[in-house]
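The values are calculated or read from the model by the stated rules, or taken from the named source; none is laboratory data. Quick caveat, the model's predicted, so the values are computed rather than measured. Cβ: placed from backbone, ideal geometry, glycine included. Neighbour counts: every protein chain shown. Surface accessibility is based on the protein's heavy atoms, side chains included, excluding ligands, DNA and RNA. Shrake-Rupley method; radii C 1.70, N 1.55, O 1.52, S 1.80 Å.
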Amino acid sequence: MVGQRKWSRRTAAIVFLTPALLCLLAFQLLPMVSSIIISFTDWDLLTHWTKMNFIGWDNYSQVFREEKSYTAIRNVFVFLLGYLPSIVVLGTLLAVLLNRPIRGVKLYRAAVFVPVITSWVAVSIVWRWLLNGQSGLINYLLSMVGIQGPIWLQDDLWAMVAIILVTLWKDIGFVSIILLAGLQDISEDYYEAAELDGASAWSKLWRITVPMLSPTLYFVVTISLINSFQLFDQVLIMTNGGPAGATSTIVEQVYRNAFQFNKMGFASAQSWVLMAIILASTMVLQQVQRRWVVYDR
């Protein structure tokens with residue numbers, strides 16, 4: 001009887017897990033293995049896959065020889081320098097505001113989260129119009145206060161600034177809600193004890209809120225870091241990688257090489273180089289977090 005129960009549980013587990021495992025195999029593992037193989041070939045996407053020519057490490061060496069690759073990597077790190085600190089600081093401040101017991105706070109939380117669930121395509125098209133240098137609403141509003149706005153998306157400097165600002169606008173709702181959950185997990189007993197000791201608001205922030213919130217902050221930093229390296233949608237739609245490659249990114253180059261230039265082998269190699277960069281960055285972050293993340297409460 002006991003054996004039959006164990007067998008029925010195993011059968012049920014297999015039945016429920018099989019569809020998910022098949023999807024994982026078909027849409028995750030097989031494409032990953034295929035891309036590794038393709039990265040060592042000169043496959044052009046048009047030739048039948050059985051006629052692929054293996055060329056060894058040529059695609060990988062070409063990635064490091066091309067100036068465009070270094071430009072894309074540099075642009076991503078420039079984006080990171082502007083985006084990552086801003087999203088963490090602004091997201092934390094917004095989470096603190098949304099954690100206050102004010103009237104209509106649930107409505108504010110929902111409103112903040114709306115951009116997160118909006119398609120990047122729609123968001124990029126709207127912001128491309130808002131940031132138009134000649135007829136955009138942003139420059140019109142700036143002109144009303146005597147400021148001449150830049151040609152946002154056609155200027156080498158301001159194009160990346162525009163990408164950062166738009167990405168912050170869309171992502172800050174997600175980050176603030178995650179941090180809000182972390183704030184609400186902090187016991188009020190800590191703050192009451194600190195008030196009895198005469199601690200100031202600034203002292204409570206740095207000695208209670210930040211340490212207790214550090215695991216959530218670490219999660220936010222990790223997710224934001226990984227997403228930043230995969231920057232693509234807003235770049236393609238708003239600037240198309242321009243002007244003169246000022247906003248070109250690794251994923252944008254992968255897309256172009258694979259589906260515009262039919263260099264699937266080279267694009268696959270770029271993808272795995274990007275994976276290595278992301279892996280190395282997260283490993284460094286994993287080591288650094290031991291110095292500032294507090295797990296014991």
- prompt: Has the range 191-210 got at least one residue that is without any contact (Cβ under 8 Å) to a residue 24 or more places away in the chain and within 18 Å of the chain's Cα centre (by Cα)?
  reply: no
message: Being of a type in the set (A, V, I, L, M) and in contact (Cβ under 8 Å) with a residue 24 or more places away in the chain is the filter here; which residues of the range 274-286 pass it?
response: 274, 277, 278, 285
- prompt: What residue, of 151, 177, is more than 30 Å from residue 293 (Cα to Cα), open to solvent by 30 Å² or more (accessible area, probe 1.4 Å) and in contact with a Phe, Trp or Tyr (Cβ under 8 Å, 6 or more places away or on another chain)?
  reply: 151
- request: Within the range 237-250, track down each residue that is within 16 Å of residue 164 (Cβ to Cβ) and assigned to a helix (DSSP H, G or I).
  value: 237, 238
- request: Test each condition in (1) assigned to a loop (DSSP other than H, G, I, E, B); (2) of a type outside the set (Gly, Ala, Ser); (3) within 29 Å of the chain's Cα centre (by Cα) for residue 29 and report the one that comes out false.
  value: (1)
query: Going by the structure shown, is residue 35 part of a helix (DSSP H, G or I), in contact (Cβ under 8 Å) with a residue 60 or more places away in the chain and among the polar types (S, T, N, Q)?
result: yes
- prompt: Restricted to the range 79-115, and to residues that are open to solvent by less than 40 Å² (accessible area, probe 1.4 Å) and among the β-branched types (Val, Ile, Thr), which residue is nearest to residue 159 (Cα to Cα)?
  reply: 87
- prompt: Is there a residue being on the phi > 0 side of the Ramachandran plot, surrounded by fewer than 19 Cβ atoms within 10 Å (Cβ to Cβ) and free of Cβ contacts under 8 Å to residues at least 60 places away in the same chain anywhere in the range 250-273?
  reply: no
field: Pick from the range 274-297, criterion assigned to a loop (DSSP other than H, G, I, E, B) and open to solvent by 70 Å² or more (accessible area, probe 1.4 Å), ranking: nearest to residue 39 (Cα to Cα)
entry: 292
message: Of the residues 224, 203, 214, 228, only one is open to solvent by 20 Å² or more (accessible area, probe 1.4 Å) and either modelled with pLDDT under 85 or part of a helix (DSSP H, G or I) (or both); which?
response: 203
- prompt: Checking residue 76 against (1) surrounded by 11 or more Cβ atoms within 10 Å (Cβ to Cβ); (2) in contact with a Phe, Trp or Tyr (Cβ under 9 Å, 6 or more places away or on another chain); (3) more than 25 Å from residue 219 (Cβ to Cβ), which single condition isn't satisfied?
  reply: (3)
Filtered residues of the range 180-192 (kept if in a helix (DSSP H, G or I) and either open to solvent by less than 50 Å² (accessible area, probe 1.4 Å) or aromatic (Phe, Trp, Tyr) (or both)): 180, 182, 183, 190, 191
- request: All but one of (1) closer than 27 Å to residue 182 by Cβ; (2) open to solvent by 50 Å² or more (accessible area, probe 1.4 Å); (3) of a type outside the set (Ser, Thr, Tyr) hold for residue 48, so report the exception by its number.
  value: (1)
